[in-house]
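Below is one structure; the comments refer to it alone.
The values are calculated or read from the model by the stated rules, or taken from the named source; none is laboratory data. Just so we're clear, the structure is a prediction, and the values are computed from it rather than from any experiment. Because the Cβ atoms are built from the backbone with ideal geometry, glycine has one as well, and the counts that use them run over all protein chains shown. Side chains included, ligands, DNA and RNA excluded: accessible areas come from the protein's heavy atoms. Shrake-Rupley method; radii C 1.70, N 1.55, O 1.52, S 1.80 Å.
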Amino acid sequence: MRKYARVSATIADLLRKRSLQFPRLLSSSPILDHPSSSSSSSSSSSMSSSSTHPVSLGTINEKVLKCEYAVRGEIVTLAQRLQEELLAKPGSHPFDEILYCNIGNPQSLGQQPITFFREVLALCDHPAILDRSETQGLFSTDAIKRAWEILDQIPGRATGAYSHSQGIKGLRDTIAAGIEARDGYPADPNDIFLTDGASPAVHIMMQLLIRSEGDGILCPIPQYPLYSASIALNGGTLVPYYLDESAGWGLEISELKKQLEAAKSKGINVRALVVINPGNPTGQVLAEDNQRQIVEFCKQEGLVLLADEVYQENIYVPDKKFHSFKKISRSMGYGNEDITLISFQSVSKGYYGECGKRGGYMEVTGFSPEIREQIYKVASVNLCSNISGQILASLVMSPPKVGDESFDSYSAEKDGILSSLARRAKALEDALNNLEGVECNKTEGAMYLFPRIYLPVKAVKAAEAANTSPDTFYCRRLLNATGIVVVPGSGFGQVPGTWHFRCTILPQEDKIPDIVSRLTEFHKQFMEEFRD
């Protein structure tokens, strides 16, 4: 790896000349020490003056223009076009299918839904079949029983009607009981806000906390670009803190303190700290001691702790366990009066992967009654989250138990999915680490690998000539040659002068050898083509 390290200074010089790194990384919001270019606003203004159309790039909200979401960015757009070309003219490309490794969308890649969850959903959506004799032979008895329990909690048993804006009270009771069983500490159903996945909950909190560019949110780099996008849309400032790649993407308190002080010196009022555990896109699982340090840091600095815990079921290493930040804070003796904490959960991840059902929740603790009223007001603007997603969220937090008819099949499905994900992660990790100039940390949890690629200077210059970032250049070439879709690391953020890409571990196990083969062959040819 020393060979590639020697060219880092040269790469850094190139970056300073063209500033390719951070405009594509997080141009979605103001970032300390990385001012955004004014070129887009000037070009937009000229477009506005020359156009008679009532809506142009120069007349829409500038915050929308600044917002970016790389997970569905230009590489994915190209992939969709290539897929259309393959359908229209088979054999038109050197691959026969597009392998989407860009987004955590398990069922789109062949993962099957959990049977018990879908049985309950089906019965709730069509309650008339509950009274039919043949239903007993088609559905498990505990699914039928659970469906009746859920329907009895819904006014009029109307799953197509609006619910309370926080979600159906009985379902929030179930979720709170599940949180209490998980953590060993009480949970209040009135603290639960059911949402269409975790994303709307994040947006609600950003709307609540951000008043202007003078308000900052500490976010990890690399980060899930939902956060940079939401901060941009709400007009705030993203204050980056860098995870330590050399320490398995560790979160250092000294780095948090350094970035907080730097923000304060520039007049930024830092409101909150975002922590993603297990990590996206980095796949690390925080140690319990580290979590205690984070809680203490937030308490001392008066920061709201925004805990993204949507991958809490996705842990693949025996020496790590998931601990919610609420559990950690309560174990330290801190209650609602000591720390303000929001935990985000989603039915899209875990072993369930129900992305399209759009279910999730946030548990909000440590707010005054007056602020709780404001959170409820914002939630009520959207009336309520969808009922199927609400039901799924309750099922995820209260699955079949020992003694239930569905327990054995449920456990087999869950364990099969998680063990397969662990094998896929290991296979891809080993393959990436066998490539020249690639280093990949272990995936301890979540659904992703985030390898570092040491690109030759010639490749960096070629990217510069193509007016794109080097990692985007690599990912585009990979797609055109192999049909494999990954996301450039610049879409998530990275230390300037380093390059990465995010790859999911979600393609089915029988597809992994083909992905490894395609990637290995491409990478060898790429490195030979651009060898210095």
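Between residue 135 and residue 415, with labels modelled 7 Å along Cα→Cβ, what's the label distance in nm to one decimal, could you check?
According to this spin-label approximation, the distance is 3.2 nm.
For residue 190 and residue 266, FRET efficiency with R0 = 45 Å and r from the beta-carbon atoms, rounded to 0.05?
About 0.70, to the nearest 0.05.
Mind running the shape call on region 119-252? Use the C-alpha gyration tensor, a ≥ b ≥ c as the square roots of the eigenvalues: rounded below 1.5 for a/c, prolate if a/b tops b/c, oblate otherwise.
It is prolate, given that a/c is not under 1.5 and a/b is the larger ratio.
Calculate, in nm to one decimal, what residue 64 and residue 254 gain on full extension: separation in residues at 0.36 nm each, minus their alpha carbon distance.
65.0 nm
Can you list the lysines whose alpha carbon is less than 24 Å from that of residue 145, not counting same-chain residues fewer than 8 positions off?
Cα-Cα hits under 24 Å: 169, 357, 401, 414.
Using Cα-only point scatterers and the Debye equation, what is log10 of I(q)/I(0) for region 161-397 at each q in 0.07, 0.08, 0.10 Å⁻¹, rounded to two decimals?
Relative scattering, expressed as log10 I(q)/I(0), comes to -0.20, -0.27, -0.43.
So, with a 1.4 angstrom probe, what is the percent of accessible area on the chain that is carbon and sulfur?
51 percent
Between helix 39-50 and the chain, what is the angle of the helix's C-alpha long axis to the longest principal axis, kept within 0 to 90° and rounded to the nearest 10?
The answer is roughly 80 degrees.
Leaving out same-chain residues fewer than 8 places away, which lysines sit with a Cα under 21 Å from that of residue 442?
320, 321, 349, 426, 511
Could you state the angle between the C-alpha long axis of helix 470-482 and the longest principal axis of the C-alpha atoms of the chain, as a value from 0 to 90 degrees rounded to the nearest 10?
70 degrees
Would you mind working out the accessible area per residue for the chain, using a 1.4 Å probe, and quoting it in Å²?
About 42 Å² of surface per residue is accessible.
At most 13 other Cβ atoms within 10 Å and a DSSP loop assignment: could you name the GluC sites (Glu not before Pro) in region 378-477 that fit?
none
What's the FRET efficiency of residue 97 with residue 430 using the Cβ-Cβ distance as r and R₀ = 22 Å, to the nearest 0.05?
In this case the efficiency is close to 0.40.
Using label points projected 7 Å from each Cα along Cα→Cβ, tell me how many nm separate residue 301 and residue 288, to one decimal.
Going from the residue 301 label point to the residue 288 one covers 2.5 nm.
Extending each Cα 7 Å along its Cβ direction at residue 149 and residue 88, get the distance between those two points in nm, one decimal.
5.3 nm
Could you give the length gained by full extension between residue 320 and residue 521, i.e. 0.36 nm per residue of separation minus their alpha carbon distance, to one decimal place?
Full extension of this stretch gives 68.9 nm more.
Can you tell me the alpha carbon radius of gyration of the chain divided by the globular rule-of-thumb value 2.2 N^0.38 Å?
That works out to 1.00 for the chain.
What angle do you read, to the nearest 10 degrees and between 0 and 90, between the alpha-carbon axis of helix 288-301 and the longest principal axis of the chain?
Between helix and principal axis, roughly 80 degrees.
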